[in-house]
Amino acid sequence: TWGWTSPILMVLLRMMQGLSVGGQLAGSYVLSIEQSSAKNRGFRGSICDASSVGGFLLASLVTTFVRFTFTEDQIVRWAWRLPFLFSLLLAPLLYHVVNQTEESKLWAERSEQKETQEEIRE
């Protein structure tokens, strides 16, 4: 048993998760808006909002499933861990999506421009 360190560790891990989600959401806004035309920029930006709401909805569904499937005693003893284990199943998928996403054209052009400037300065 972890004793009093367990709730502290849980709070710290949840804080790290929140920071990670916040960073990913901001990055998804930038990437989707930079890669869209003026015609569909608002729509593509709204997809980011919808995906964050979808994440909250999925979390609510998993929690509801656990609460209706298991008794209160089972939840207190071990079933409270199931939503966290479920999230571990999603982690490789999300890692793959993030890893396969290409940088925006604007970012790539800016990176090339910086490399050229460094070569000229040398």
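The values are calculated or read from the model by the stated rules, or taken from the named source; none is laboratory data. All of these numbers come straight from a predicted model, not from anything done at the bench. Heads up, the Cβs are rebuilt from the backbone with ideal geometry, glycines too, and the neighbour counts pull from every protein chain shown. Only protein heavy atoms, including side chains, enter the accessible area calculation; ligands, DNA and RNA are left aside. Shrake-Rupley method; radii C 1.70, N 1.55, O 1.52, S 1.80 Å.
Numbers at a glance
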item: Search result, residues across segment 95-114 that are open to solvent by less than 90 Å² (accessible area, probe 1.4 Å), within 14 Å of Gln35 (Cβ to Cβ) and in contact (Cβ under 8 Å) with a residue 24 or more places away in the chain; result: Thr101, Ser104
item: Residue among Glu72, Glu34 that alone is acidic (Asp, Glu) and touching a residue at least 12 places away in the same chain (Cβ under 8 Å); result: Glu34
item: Selected residue (criterion: modelled with the highest pLDDT) from residues of segment 18-57 that are more than 20 Å from Val98 (Cβ to Cβ) and either among the aliphatic types (A, V, I, L, M) or in contact with a strand residue (DSSP E or B) (Cβ under 7 Å, 6 or more places away or on another chain) (or both); result: Leu57
item: Members of segment 28-51 found to be under 17 Å from Gln17 (Cβ atoms) and surrounded by 15 or more Cβ atoms within 10 Å (Cβ to Cβ), listed by number; result: Ser28
item: Selection count where residues are open to solvent by 80 Å² or more (accessible area, probe 1.4 Å) and either of a type outside the set (Asp, Glu) or part of a loop (DSSP other than H, G, I, E, B) (or both), scope segment 72-94; result: 12
item: Any hit, segment 1-17, residues being modelled with pLDDT under 85, out of contact with any Leu (no Cβ under 6 Å at 6 or more places or on another chain) and not in a helix (DSSP H, G or I); result: yes
